[in-house]
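Worksheet: one structure, shown below.
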Amino acid sequence: MRTRSLVGLFLAGSLLTTPVLAQQVTAKLRLLQTTDLHTSLLNYDYYRDAEDNTVGLSKVATLIRQARTEAPNSLLIDNGDLLQGNPLGDYIAKVKGLKDGDTHPMYMAMNLIGYDAASLGNHEFNFGLPFLDTALKGAKFPSVSANIFETDGKTHRFKPYVILDRTVKDTGGKEHPIKIAVIGLTTPQIVQWDKAHLDGKIVTKDIVATAEAIVPEVKAKGADLIILAAHTGIGTDQVKSGDMAENAGWALTKVPGVHAVLTGHQHLTFPGQFKDLAGADAAKGTINGVPIAMPGFWGSHLGVFDLELTKTDGGWSVTSGTSSIRPIYKLDENRKRVPLVDNQPDIVAAVTPIHEEVLKYIRAPFGKVAAPIYSYFALVQDDPSVQIVSDAQVWYAKKALKGTKYENLPILSAAAPFKAGGRGGPDYYTDVPAGEIAIKNAADLYLYPNTVQMVTLTGAGVREWLEMSAGQFKQIDPNKSDPQDLVDTSFPTFNFDIIDGVTYEVDVTQPKRYDNDGKLVAPDARRIKNLAFQGKPIDDKQDFVIVTNNYRASGGGKFPGLDGKNIILQAPDENRQALIDFITEQKSVNPSADKNWRFAKTGKPVTLAFESGAKAEAFLASNPALTKLGDGQNGFVRYGLKLD
């Protein structure tokens, strides 16, 4: 009996002294992302002056509300490019104006929706720092960017990050505190693209190197979760820290300690595109194991991250994470765009007054055009939507250079088609009938608030500019009689500059001389043939003035010979305003293309295939070299251009 009692006591003592294991705490956090809204506040296309159910924060707001109801814990972040992009943004910045105490309509809506933070995009700087500073005061949430500095290179110009003190409910319903760091990052090229606004006022640093420096800092301050709100594209696996890369999302997934990466800027989607990128898992929405998303543009999608959290003595950790994107519309079996959600009523009610002001503004006529202006064939032949811009730029340059040492130099004009389908869809084309022209049409012809700038180049420099521009096209085989796809969709159409004032041919049987980043990849290749000025072969040593915009003149697009060092005039006026002033003064203009460029003939029956909108068919009769080939993808139609 005694032995038994001792054994019982021993067992009882053991139970009392054995430590009790703490129950593991787990939680789920949903991160919601918008990006590249570009003042698409409502489901409205101001250029067509019609409803458009493929765009609009008012639509995304409905997706946000739905996504929040599905998760006990959520956070909402915008990834930049809010304040510019359509006539609403221009009206606020250039016509109505913002003063202290005003709230920008985008921030008005976002305050109602309840954003937690935002990063700054490159287009936030298009209207200058004073406008941006005033606009930011109206936001009831922090806007961050860590790689923008004062000119000393040490003092952050904006708040670099924010550490949000939040509570999360665990899977049992109990609330716990958590610290979430949101680090903002902005494409460093803003100092080139908006040089007129930013030169001598700020400097930028590499996105990846900045993240590598800031992540340990926020971690030391107690951040449990670290999110990079990076207004940058995903890019490729070749981008490294210190490259000053424009598209660095892939490299950001390799930064130690990062739990989620928000991207944008490229106006693409992930998960969806980038499927073949190294380390990408489209099913999970990760790259290199890190959740990352790119939810389209203009409010086409909502990014949704779902993170699994575990709490230990050392704080919270992320055990797994995925991302997905949710669209506001779909394509039916007839390729018609079908809305998937309705507008959020309270957003519509709040912004309707400013929307009506913008409608009045864009509908005001200011001149006449004697022929229709359309961009359906802008990538395959000289085009009226580009021609009228070039005519306006030359008109402006002649006035601006009068009395200067450059007034006797020949003036050329470089302009590109902005609305040429592509990612914008089969309705994304300029189509202005002959007759009265309104502000909405001018904004349609020149989308961006770029300012007029002029550079000097030799004839040889003009040739290289055009060689870079010819990267818009794939190389074709002259021995194939079947239609061959012509347009390289990886090349942005806003980099397809047509230089007016010279004549030339483009030989697409040749390889590209430059890649999309301006790197010389085929030194012996020459696509530009028969380049002539005033009917004679161009003199490679002759000096020219080329009127363009601040983006291109300062190095945007990485064109050879354009780095900001040969700018001779930085005008205060926008290219779009020059267009308006040109038409106003002339009262009536003829925008018909002068056909200064064409594709070089191959001597064999070759058909170049390209996609355009269905409405392009109405212009085939006046373009006999073009034919309809059949249906394309996603609502586009395939057309052909015969070179023989």
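The values are calculated or read from the model by the stated rules, or taken from the named source; none is laboratory data. Treat the numbers as computed from the prediction; the structure is a model and nothing was measured. Cβ sites come from the backbone with ideal geometry, for glycine too, and all protein chains shown count toward neighbours. Only protein heavy atoms, including side chains, enter the accessible area calculation; ligands, DNA and RNA are left aside. Shrake-Rupley method; radii C 1.70, N 1.55, O 1.52, S 1.80 Å.
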| task | Identify the residue in region 492-505 that is part of a helix (DSSP H, G or I) and open to solvent by 20 Å² or more (accessible area, probe 1.4 Å) and, among all such residues, is farthest from L643 (Cα to Cα). | result | F494
| remark: Checked region 97-112 for anything assigned to a helix (DSSP H, G or I), open to solvent by less than 20 Å² (accessible area, probe 1.4 Å) and either in contact with a Gly (Cβ under 8 Å, 6 or more places away or on another chain) or under 21 Å from A230 (Cα atoms) (or both); matches are M106, Y107, M110
| said: When you check F131 against the structure, is it open to solvent by 10 Å² or more (accessible area, probe 1.4 Å), under 23 Å from the mean Cα position of the chain (by Cα), hydrophobic (A, V, I, L, M, F, W, C) and modelled with pLDDT under 95, yes or no? | reply: no
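Listed here are the residues, each with its yes/no results for (1) modelled with pLDDT under 95; (2) of a type outside the set (A, V, I, L, M, F, W, C); (3) open to solvent by 10 Å² or more (accessible area, probe 1.4 Å); (4) assigned to a helix (DSSP H, G or I).
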{"residue": "T39", "(1), (2), (3), (4)": "no, yes, no, no"}
{"residue": "L42", "(1), (2), (3), (4)": "no, no, yes, no"}
{"residue": "R48", "(1), (2), (3), (4)": "yes, yes, yes, no"}
{"residue": "V60", "(1), (2), (3), (4)": "no, no, no, yes"}
{"residue": "I64", "(1), (2), (3), (4)": "no, no, no, yes"}
{"residue": "A67", "(1), (2), (3), (4)": "no, no, no, yes"}
{"residue": "I77", "(1), (2), (3), (4)": "no, no, no, no"}
{"residue": "L82", "(1), (2), (3), (4)": "no, no, no, no"}
{"residue": "G85", "(1), (2), (3), (4)": "yes, yes, yes, no"}
| task | Please determine, by comparing only the residues of region 204-217 that are among the β-branched types (V, I, T) and in contact with a Pro (Cβ under 9 Å, 6 or more places away or on another chain), which one is surrounded by the most Cβ atoms within 10 Å (Cβ to Cβ). | result | I207
| task | State yes or no: is T602 open to solvent by 30 Å² or more (accessible area, probe 1.4 Å) and assigned to a helix (DSSP H, G or I)? | result | no
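Taking into account only those residues within region 169-203 that are among the small types (G, A, S) and open to solvent by less than 70 Å² (accessible area, probe 1.4 Å), which is modelled with the lowest pLDDT?
If we filter region 169-203 for residues that are among the small types (G, A, S), which is where we start, we get 172-173, 181, 184, 196, 200.
If we keep only those that are open to solvent by less than 70 Å² (accessible area, probe 1.4 Å) as well, we get 173, 181, 184, 196, 200.
On the way: G173: 93, A181: 98, G184: 98, A196: 82, G200: 95.
The extreme case among them is A196.
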| Pair list, Cβ under 9 Å, 6 or more apart: region 564-579 residue in contact (Cβ under 8 Å) with a residue 24 or more places away in the chain and on the phi > 0 side of the Ramachandran plot, other residue open to solvent by less than 60 Å² (accessible area, probe 1.4 Å) and in a strand (DSSP E or B) | G564/V455
| request: Residue by residue through region 245-277, note down the ones that are aliphatic (A, V, I, L, M) and in contact with a helix residue (DSSP H, G or I) (Cβ under 8 Å, 6 or more places away or on another chain). | output: A245, A248, A251, L252, V255, V258, V261, L268, L277
| said: Between a residue in region 276-293 that is touching a residue at least 24 places away in the same chain (Cβ under 8 Å) and any residue that is open to solvent by 40 Å² or more (accessible area, probe 1.4 Å) and among the acidic types (D, E), which pairs come within a Cβ distance under 7 Å, given they are 6 or more apart or on different chains? | reply: L277/D237; A278/D237; G279/D237
| said: Restricting to region 454-491, and then to whatever is of a type in the set (G, A, S) and open to solvent by less than 20 Å² (accessible area, probe 1.4 Å), can you tell me which residue is farthest from V502 (Cα to Cα)? | reply: G471
| Can you pull out the residues in region 139-168 that are surrounded by 17 or more Cβ atoms within 10 Å (Cβ to Cβ), outside any strand (DSSP E or B) and not hydrophobic (A, V, I, L, M, F, W, C)? | P142, S145, N147, R157, P160
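Residues are listed down the side, and each one gets a yes or a no for (1) among the charged types (D, E, K, R); (2) closer than 24 Å to K59 by Cβ; (3) without any contact (Cβ under 8 Å) to a residue 24 or more places away in the chain:
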position: P87; (1), (2), (3): no, yes, no
position: D100; (1), (2), (3): yes, no, no
position: M106; (1), (2), (3): no, yes, no
position: F131; (1), (2), (3): no, no, no
position: G138; (1), (2), (3): no, yes, no
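Okay, residues lined up against (1) under 28 Å from S622 (Cα atoms); (2) among the small types (G, A, S); (3) touching a helix residue (DSSP H, G or I) at 6+ places or on another chain (Cβ under 8 Å); (4) open to solvent by less than 10 Å² (accessible area, probe 1.4 Å):
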position	(1), (2), (3), (4)
V348	no, no, yes, no
T352	no, no, no, no
I362	no, no, yes, yes
A371	yes, yes, yes, no
F377	yes, no, yes, yes
D391	yes, no, yes, no
A414	yes, yes, yes, yes
P417	yes, no, yes, yes
